[in-house]
Amino acid sequence: MKGFRPGLVPSLVVAILVPVMVCLGFWQLSRGEQKRVLMANYAERRVAPPMDSAELAHTSDPAFRAVTLQGQFDAEHSILLDNRQHDGKVGVELLQPFLDHRTGLWLLVNRGWLPWPDRRTPPVFDTPEQPLSLEAWVYVAPGTTFQLHADPSGAPWPRLVTAIEPAKLWAELDRNGFAYELRQQSGPGAYRTDWPVVSMGPEKHLGYAVQWFAMAAALFGLFLYLGWHNAGRHHGNRHESNQHV
């Protein structure tokens, strides 16, 4: 093309990076819409009256439904979900199996966040020994938790993990358990339970999408400028050569 000489390397870079950036922008928009729908669903279901634990196993879409439970915690198989923060403080979330006496179903109940300021000593917590009546709600994660390394299987208890996988726990313990985590509301045995629905709101995904689109536009604009600039220099060099001849 006359008047446009971007060069081979810049052309390859733009051909690879611009589509990737645009795809990442649309992916962020999609994630933002998923979070918006999820939060709307959460708000709607959190105001509904809690259902009985006997209904839980027969509910096709239990996400964010409040449930009343009657049973007892299993203190021997505690799980500590690592890398949790509240108000800038580091800590863990404590999850324990809970046997619901009305149904005989095991549920993995998140009792809340507790601080862990010194990793040289284990987090301090206690477990109620008596049967409890408590209220919790079903947490269904919006996606798979990103992990640099999978949590090791067969680690000692209490077990420090970076992702919650109830199905693997029930298979390891050979128990009939519910497929999702339940998050306890304030009450007996609860720690800090002011749960965020999502770690990143829809508005942040929109902001990231704008950044990806802006970078793609800037890179493509630089590519156009480089092509026209190189073409101008090439034309000037040819003109000078013709004059010398």
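The values are calculated or read from the model by the stated rules, or taken from the named source; none is laboratory data. Remember, predicted model here, so these are calculated numbers, not experimental data. Every residue, glycine among them, receives a Cβ derived from its backbone with ideal geometry; neighbour counts consider all protein chains shown.
Observations, loosely collected:
- Per-region count, the stretch 40-69, residues under 20 Å from the mean Cα position of the chain (by Cα), hydrophobic (A, V, I, L, M, F, W, C) and crowded, with 17+ Cβ neighbours inside 10 Å: 1
- Selected residue (criterion: nearest to V124 (Cα to Cα)) from residues of the stretch 162-209 that are among the acidic types (D, E) and not in a loop (DSSP other than H, G, I, E, B): E181
- Checked against (1) over 15 Å from R65 (Cα atoms); (2) among the small types (G, A, S); (3) over 17 Å from the mean Cα position of the chain (by Cα), G32 passes all but a single condition, namely (3).
- R102 meets all of the listed conditions (1) under 16 Å from Y191 (Cα atoms); (2) without any contact (Cβ under 8 Å) to a residue 60 or more places away in the chain but one, namely (1).
- Residues (within 21 Å of V67 (Cβ to Cβ), charged (D, E, K, R) and touching a residue at least 24 places away in the same chain (Cβ under 8 Å)) located in the stretch 150-188: R175, E181, R183
- H77 meets the conditions (1) assigned by TED's automatic domain parsing to the domain that holds R102; (2) surrounded by fewer than 13 Cβ atoms within 10 Å (Cβ to Cβ) in every case but one. The failed one is (2).
- Inspection of the stretch 34-52 finds no residue satisfying the criterion of being part of a helix (DSSP H, G or I) and at pLDDT 85 or above.
- Restricting attention to the stretch 105-128, the residues that are part of a loop (DSSP other than H, G, I, E, B) and either in contact (Cβ under 8 Å) with a residue 12 or more places away in the chain or among the aliphatic types (A, V, I, L, M) (or both) add up to 9.
- Pairs where the first residue, in the stretch 66-79, is part of a loop (DSSP other than H, G, I, E, B) and the second is among the aliphatic types (A, V, I, L, M), C-beta under 7 Å, 6+ apart: D74/L99; S78/L94
- Test for Q96: is it assigned to a strand (DSSP E or B), in contact with a Ser or Thr (Cβ under 6 Å, 6 or more places away or on another chain), of a type outside the set (D, E, K, R) and at pLDDT 95 or above: yes
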